[in-house]
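Report on the following structure.
The values are calculated or read from the model by the stated rules, or taken from the named source; none is laboratory data. All values derive from a computational prediction rather than experimental measurement. A quick note on method: Cβ atoms are made from the backbone with ideal geometry, for glycine too, and the neighbour counts reach across all protein chains shown. Accessible surface is based on the protein model in full, side chains and every heavy atom, while ligands, DNA and RNA are left aside. Shrake-Rupley method; radii C 1.70, N 1.55, O 1.52, S 1.80 Å.
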Amino acid sequence: MTLLDVENLWVKFPSRQGVFEAVRGVSFTLGRERLAIVGESGSGKSMTGRAILQLIRPPGIVTADQVSLEGVNLMQKTEREMRDVRGKRVSMVMQDPKFSLNPVMTIGQQIIEAYRLHNKANKSIAYEKALSMLEAVSIRDPKRVMRAYPHEMSGGMGQRIMIAMMLIPSPEILIADEPTSALDVSVQRQVLSIIDTLVTDRGMGLIFISHDLNLVADFCDRVLIMYSGRIVEVCDAKNLHEAKHPYTRGLLNSLPRLNAPRKKLDVLSRDPAWSEAPSVSGRV
Amino acid sequence: MAMIGLWILILLVMIAVGAPLLAPHDPFAQELGNRLQPLWSEGHILGTDSLGRDLLSRLIYGSRITLYIVGLVALIAPITGLLVGTVAGYVGGWTDQVLMRITDIFLAFPRLVLALAFVAALGAGIENAVLAISLTAWPPYARIARAETLTIRSSDYISAIQLQGAGAMRIITKHIWPLCISSLIVRVTLDMAGIILAAAGLGFLGLGAQPPSPEWGAMISEGRQFILDHWWVAAVPGMAIFTVSLAFNLLGDGLRDVLDPKDSEK
């Protein structure tokens, strides 16, 4: 079943040197699955995520044939109507928890606010909800954490709190924009498994934006590989190591592997034809 | 030093509150036979003015007027500035341009001259003086608030709350205001001295508090005619203005050290 259907999505930034195209005609669908978007920095991964929520700052322009959420085209919604979509139906976890929590509000206040933005509930119900949500992301002492300020939290805790905050209005789609890249490896796995359990339990769709190919191969169902604003290849995550596109092969070969050690790692040689080639559709 | 300022101000508030108990005489009672008594004369520690009114009593009651003006201006100006500045900074575009150019127009005039013009237009009196001073005092607050807003609005946690579906109103009032307030508080305390001087200046020019009200600026103005022979009639309220302004400046300095996170790391 298709939750989100994106067709021919463009993000453009007019500048003095002409129009810069960050995302160039990307199409994909998302069901109740874990979809990964990978690519090097500047390939338009994050922009794609933000464009779905129409949170591109002016002067950026988003155009698309359609961005449909369960059949309703989001492109035709007004800003006010989009506010009901953001958070409640599509949510996003950002890269660095240190900067994505308001430093002068307690964590409790922020989670409760996130809940009450979309649910008419009194404070005590919201408080209970927030507590159980913190428990769901395996925060050990939720009562204390509710009273704490963001700077008192470690990075991993902060990211779990962000996830709790983004999932408390129970959205149908979660966009995770490199949620683990600011965390160290052992915490990464923990945060990922929490995302995994929550997403599977609630039957949500997940768009996982990352540059870590191995992580994505383990964690996701389907992978879109982006290069300079276009999708160059779509494949199942378990077949990622058999990918055919030279860019994907290049990315894979530039990573050291324990089971196949090499003296020298490959360096990506970019073919201008890659960015000229039309975008591959990720629609099912 | 900041503590000295704070104590002076606490003392001022206590004097203003307990004025009827502390004042030895009625500040309005004239006694023409006893006019222009020097300092330390019998029954009048600070002497009397040209109509034989006790200067100490007038000074004590005058503290109420000073606090009233400073208090009201310190409420009106920063709130107006905060509102204008955060809206301009957050919304941006044309709103920003229009609001900031209006701010610039107000900033282009010297404060006292603009206040004079407003009082002349509105009519003399304490309320109008408060209004006039507030009208001239808000633009710097608007600028500070806008500058703060510009840095805050591009931060990740504002994006985070945006993508949870919060509207502009909610973001401005709940997420931007609390972060602007500390810098505004410092500015307010540093501004208070200026506000007192502006109020006293208006009183001196006869455009603030009207006689017989014991406003300090007006008292100086009355004492001016006798300044060579009876200097204390002008000097006593002058000292009061000086002390209170200094106290506010000391406190403002101290508060800045406390509230500015960049300095506190030393």
What residue among B:V236, B:V130, B:V91 has the largest mean-square fluctuation in a Gaussian network model of chain B, using Cα springs under 10 Å?
B:V91
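For chain A, what is the Kirkwood hydrodynamic radius in Å, using each pair of distinct C-alpha atoms? Before the final figure, lay out the partial values.
Working: mean 1/r = 0.0504 Å⁻¹.
Hydrodynamic radius (Kirkwood, Cα only) of chain A equals 19.8 Å.
How large is the dipole of the stretch B:112-224 about the Cα centre if only Lys and Arg carry +1 and Asp and Glu carry -1, each at its Cβ, rounded to the nearest 20 debye?
380
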How many percent of all Cα-Cα pairs in the stretch A:1-57 sit more than 14 Å apart?
59
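Which sequence of B:I45, B:I76, A:I225 reflects their accessible areas, 1.4 Å probe, from the largest down? Let's see the in-between values first.
Details: B:I45 85, B:I76 65, A:I225 0 Å².
Output order, biggest surface exposure first: B:I45, B:I76, A:I225.
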Counting only the heavy atoms of the protein chains, how much of B:V113 is accessible to a 1.4 Å probe, in Å² to the nearest 10?
80
Positive-end extreme of charge dipole, the stretch B:65-263 - chosen from B:S134, B:L255, B:L163 (charges on Cβ):
B:L163
Given the protein chains as shown and a 1.4 Å probe, how many square angstrom of B:E127 are accessible, to the nearest 10?
120
Cα lying deepest toward the dipole's positive end in the protein assembly as shown, options A:L4, B:V70, B:G81, charges on Cβ
A:L4
Interface B/A, total buried accessible area with a 1.4 Å probe, nearest 100 Å²?
1900
Mind checking Rg over Rh on the stretch B:72-146, alpha carbons, Kirkwood formula for Rh?
1.02
Amide H within-cut-off set for B:L163, under 5 Å, with H built and near neighbours excluded:
none
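Take the alpha-carbon positions of the stretch B:116-172, form their convex hull, and give its projected area averaged over all directions (one quarter of the hull surface) in nm². Intermediate values should be presented prior to the final figure.
Working: hull surface 21.0 nm².
Projected area, direction-averaged: 5.2 nm².
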Using a 1.4 Å probe and counting only protein heavy atoms, arrange A:S138, B:S50 so the residue with the most accessible area comes first.
A:S138, B:S50
With each label point set 7 Å from Cα along the Cα-Cβ vector, what nm distance links B:L122 and B:F242?
3.1
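How large is the charge dipole for chain A, taken about the Cα centre, if only the Cβ atoms of Lys, Arg (+1) and Asp, Glu (-1) carry charge, to the nearest 20 debye?
Working: 37 positive and 31 negative charges, 105 e Å.
For chain A, the charge dipole is close to 500 debye.
Accessible area per residue, 1.4 Å probe, Å², for chain A: what's the number?
47
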The protein assembly as shown, Kirkwood Rh and Cα Rg, ratio Rg/Rh at 1.17
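Which of A:K98/A:K264; A:K45/A:K120; A:K129/B:K174; A:K77/B:K174 have a Cα-Cα distance over 28 Å?
Numbers: A:K98/A:K264 36 Å; A:K45/A:K120 34 Å; A:K129/B:K174 21 Å; A:K77/B:K174 26 Å.
Flagged as over cut-off: A:K98/A:K264; A:K45/A:K120.
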Amide H of A:L174: which non-local residues (sequence gap of 5 or more, or other chain) have their own amide H closer than 5 Å, using H built in the peptide plane?
A:S91, A:G205, A:L206, A:I207
May I ask you to evaluate 6.51 cos²θ - 1.76 cosθ + 1.60, the Karplus curve with θ = phi - 60°, for each residue of the stretch A:244-260 and list the ³J(HN,Hα) values in order in whole Hz, giving x for glycine and proline?
9, 4, x, 5, 4, 4, x, 4, 5, 6, 8, 9, x, 10, 5, 7, 9
Hey, in the GNM for chain B with a 10 angstrom Cα cutoff, which one of B:G93, B:G125, B:G208 fluctuates hardest?
B:G93
Distance in Å, no decimals, from the C-alpha centre of the stretch B:26-100 to the one of the stretch A:75-141 is 47
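For the stretch A:235-279, what number results from the quotient of the Cα radius of gyration and 2.2 N^0.38 Å? Each step should come with its number before you reach the end.
On the way: Rg = 12.3 Å, N = 45, 2.2 N^0.38 = 9.3 Å.
For the stretch A:235-279, the normalised Cα radius of gyration is 1.31.
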Let me know the Rg and Dmax you get for the stretch B:146-266 when you use only its Cα atoms, in Å.
22.0, 73
Along each principal axis, Cα extent of chain B, largest first, Å
77, 44, 28
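Counting Lys and Arg as +1 and Asp and Glu as -1, what is the net charge of the other residues whose Cβ lies under 14 Å from the Cβ of B:A16? If you can, show how the numbers build up before the last one.
Values: positive: B:R58, B:R64; negative: B:E215.
Neighbour charge sum, excluding B:A16 itself: +1.
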May I ask you to give the percent of accessible area on the stretch B:65-263 that is carbon plus sulfur, with a probe radius of 1.4 Å?
70
Whole-Hz Karplus couplings 3J(HN,Hα) for the stretch B:37-42, θ = phi - 60° and coefficients 6.51, -1.76, 1.60, Gly and Pro as x, run 6, x, 4, 6, 6, 5
Calc'd 3J(HN,Hα), the stretch B:13-23, phi into Karplus 6.51 cos²θ - 1.76 cosθ + 1.60 (θ = phi - 60°), Hz, glycine/Pro = x, comes to 4, 5, 4, 5, 5, x, 3, x, 7, 7, 5
Which Cα, out of B:L150, B:L190, B:L107, lies furthest along the positive dipole direction of the stretch B:65-263 (beta carbon charges, K/R +1, D/E -1)?
B:L150
How large is the dipole of the stretch B:65-263 about the Cα centre if only Lys and Arg carry +1 and Asp and Glu carry -1, each at its Cβ, rounded to the nearest 20 debye?
500
Residues meeting the amide H criterion for A:M226 (H placed from the backbone, H to H distance under 5 Å, 5 or more places apart or on another chain) are A:V38, A:G39, A:V232
